[in-house]
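To start, the structure itself, in structure tokens.
The values are calculated or read from the model by the stated rules, or taken from the named source; none is laboratory data. Owing to the predicted nature of the structure, the values given are computational and were not obtained by experimental measurement. Cβ atoms come from the backbone with ideal geometry, glycine included; neighbour counts cover every protein chain shown.
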Amino acid sequence: MIALALVRGYADLVTSLGGTGSQTPEVTLANREAVRAAAAEREAEAARKAQAERREQERLDRAREEERRRLREEIRREEEARRRADAGATMSSRRLALPTVLRTAPDGDAIRPLAADATVFPTGTTDGQWIEVLDADDNIGWLQQDRLTADR
């Protein structure tokens, strides 16, 4: 770039002093064309970068909208589950027939052990042979249904 500027400056100086007559030297014309080509390349590169930034912004906008949709759907499902639980909220107590362990999920991690004859309150949610219950210490967890006695 610096060399091109020096050559162009020299050519312009020679032309202004009348050293080549009335015609513009070929070196000056070539320099001007090279400067125009370099400027066009910079503009094209800037346009490519702007387009890439627009595409990335559109991708981020789509990802944010998809996350919003997912969260709205999750909230809707939770509210529906809450409505169903409230509609069927028959919190009748049940006693444990055998000692057992309250778990975070069917076959999940243990929350705490429960003694035989402990009172629990089924929430109404079941998963196969497992039932979700609330214990006396307000822990919500899962027990095997065969560990419970009949309703009281």
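Whether any residue in the stretch 89-97 is surrounded by fewer than 13 Cβ atoms within 10 Å (Cβ to Cβ) and part of a strand (DSSP E or B) is what I want to check.
Checked against the condition, which is being surrounded by fewer than 13 Cβ atoms within 10 Å (Cβ to Cβ) and part of a strand (DSSP E or B), the stretch 89-97 yields no hits at all.
I need a count of the residues in the stretch 58-86 that are under 28 Å from Thr123 (Cβ atoms) and surrounded by 10 or more Cβ atoms within 10 Å (Cβ to Cβ).
Number of matching residues: 16.
Among the numbered criteria (1) touching a Gly at 6+ places or on another chain (Cβ under 9 Å); (2) β-branched (Val, Ile, Thr); (3) within 30 Å of Leu4 (Cα to Cα), which single criterion is violated by Val101?
(3)
When you check Leu102 against the structure, is it out of contact with any Ser or Thr (no Cβ under 9 Å at 6 or more places or on another chain) and surrounded by 15 or more Cβ atoms within 10 Å (Cβ to Cβ), yes or no?
yes
Is it true that Thr28 is in contact with a Ser or Thr (Cβ under 9 Å, 6 or more places away or on another chain), surrounded by fewer than 14 Cβ atoms within 10 Å (Cβ to Cβ), among the β-branched types (Val, Ile, Thr) and at pLDDT below 75?
Considered against the rule, which asks whether it is in contact with a Ser or Thr (Cβ under 9 Å, 6 or more places away or on another chain), surrounded by fewer than 14 Cβ atoms within 10 Å (Cβ to Cβ), among the β-branched types (Val, Ile, Thr) and at pLDDT below 75, Thr28 comes out as no.
Provide a single number: the residues in the stretch 105-129 that are surrounded by 15 or more Cβ atoms within 10 Å (Cβ to Cβ), without any contact (Cβ under 8 Å) to a residue 40 or more places away in the chain and out of contact with any Leu (no Cβ under 7 Å at 6 or more places or on another chain).
Residues in the stretch 105-129 being surrounded by 15 or more Cβ atoms within 10 Å (Cβ to Cβ), without any contact (Cβ under 8 Å) to a residue 40 or more places away in the chain and out of contact with any Leu (no Cβ under 7 Å at 6 or more places or on another chain): 2 in total.
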